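The values are calculated or read from the model by the stated rules, or taken from the named source; none is laboratory data. A quick note: this is a predicted structure, and the numbers were derived from the prediction, not measured. For neighbour counting, all protein chains shown are included, and Cβ atoms are generated from backbone atoms with ideal geometry for every residue, glycine included. Calculation scope for accessible area: heavy atoms of the full protein, side chains included, ligands and nucleic acids excluded. Shrake-Rupley method; radii C 1.70, N 1.55, O 1.52, S 1.80 Å.
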Amino acid sequence: MKIFLDSSNIEEIRPINKTGLIDGITTNPSLLAKQKGNFKEILKSIASEVKGPISAEVTAVKAEKMITEAKILQKIAKNIVIKIPLTMEGLIACNYLSKNKFKVNVTLCFSTNQALLAAKAGATFISPFIGRLDDIGENGLQLIRDIKTVYNNYNYTTKILAASIRSAEHVMEVSKIGADVATIPPKIFHSLYKHELTDQGLESFLSDWKKSGKQIN
Ligand code: E4P
């Protein structure tokens, strides 16, 4: 499974990217709005730090304007992927952009039917928001399973990008289902490798080694 970071904060992204495990970044208008400075410069520095797809979202609501904004966003860096909301206008824009060689991440997906339409519109990624579905008492993980079934039925190449991830358990479950990508907030990324027994084990190994007076050299 590919791992994207869900962040617009280059200071947060840089150290995690040093692991070599980050395959891309997703941003959204709320995340970018929180950052100080020029949003184009922020996206440019993220896109040069991380080599994979960097999702940048349009803020227009009409297809024509979305396409204009997509062209502006695409000029920021080659690896920018245009994020488009799952509305009727968004589908029109996605269809146009996909046919014109843009990569599109269709976002704010909350149903299998929406995901079906996004695939038919040529989306490169579909972003089902599992945490926000859980928040309203629905089952976000079931949506990932259902989209996978539909995409497999028709051999759609649109990648399932599990979004709105709220826990390490979400990451484990979407990987078991077979999501193509999970976009993970930095705090949750750090929780993926931490384990109490790892810490305890390391502490005792190092203490035993120190007591022995031996050295690796
Ligand atoms: C994904 O592309 C979105 O930026 C993100 O996952 C939304 O997550 P949230 O529901 O925690 O805001």
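For this structure, a couple of remarks:
- Under-5 Å amide H pairs with Cys109, H placed in peptide plane, nonlocal only: Ser127, Phe129
- Straight-line reach from Lys194: taking Cα to Cα under 18 Å and skipping same-chain neighbours fewer than 8 places apart, the aspartates and glutamates in range are Glu12, Glu169, Glu173, Glu203.
- Couplings for the range 14-28, taken from phi via the Karplus curve 6.51 cos²θ - 1.76 cosθ + 1.60 with θ = phi - 60°, read 3, x, 6, 5, 4, 5, x, 9, 9, 9, x, 9, 10, 10, 8 Hz in order; Gly and Pro are left as x.
- For the range 2-212, the extents of the C-alpha atoms along the principal axes are 70, 40, 30 Å, listed from largest to smallest.
- About the Cα centre, charge dipole magnitude for the range 139-217 (Lys/Arg +1, Asp/Glu -1 at Cβ), debye: 140
- Relative to the longest principal axis of the Cα atoms of the chain, the long axis of helix 39-49 lies at roughly 50 degrees.
- Each part gets one Cα centre, and for the range 187-217 versus the range 140-163 those centres are 39 Å apart.
- Rounded to the nearest 500, the helix-only mean residue ellipticity at 222 nm of the chain stands at -16000 deg cm²/dmol, with each DSSP H run of n ≥ 4 adding -39,500 (n - 2.57).
- Solvent exposure ordering (accessible area, 1.4 Å, most first) of His170, His190, His195: His195, His190, His170
- Using θ = phi - 60° in the Karplus curve 6.51 cos²θ - 1.76 cosθ + 1.60, the 3J(HN,Hα) couplings for the range 88-95 round to 4, 5, x, 5, 4, 5, 4, 4 Hz; x is entered for Gly and Pro.
- Per residue, in Å², the accessible surface of the range 117-173 once ligands and nucleic acids are set aside, probe 1.4 Å: 47
- The relative contact order of the range 100-217, computed from alpha carbon pairs under 8 Å that lie at least 6 residues apart in sequence, is 20 percent.
- For a straight C-alpha distance cut-off of 19 angstrom, the lysines reachable from Lys34 (same-chain residues fewer than eight places away being disregarded) are Lys44, Lys83, Lys187.
- Database remark: amide H of Lys103 closer than 5 angstrom to the amide H of Ile82 (H placed geometrically; neighbours at sequence offset of 5 or more, or on other chains; Pro and chain starts carry no H).
- Sequence of Arg166, Arg145 from largest to smallest accessible area, 1.4 Å probe: Arg166, Arg145
- Surface share of carbon and sulfur [accessible, 1.4 angstrom probe, percent] for the chain: 55
- Solvent accessible area, Å² - Thr198, 1.4 Å probe, full protein context: 80
- For Ile54, residues with placed amide H under 5 Å, excluding near neighbours: Ile25, Ile80, Val81
- Candidates Gly201, Gly122, Gly131, ranked by Gaussian network fluctuation over the chain, Cα under 10 Å, top entry: Gly201
- Measuring spread by the Cα atoms of the range 55-173 yields a radius of gyration and Dmax of 14.1, 40 Å.
- A 1.4 Å probe, protein heavy atoms only, puts the accessible area of Phe205 near 150 Å².
- GNM on the chain, alpha-carbon springs under 10 angstrom: the most fluctuating residue among Asp23, Asp135, Asp199 is Asp199.
- Residue-wise HN-Hα couplings along the range 186-197, as the Karplus relation 6.51 cos²θ - 1.76 cosθ + 1.60 with θ = phi - 60° gives them from phi, are x, 4, 6, 4, 5, 6, 6, 9, 7, 8, 4, 5 Hz; Gly and Pro carry x.
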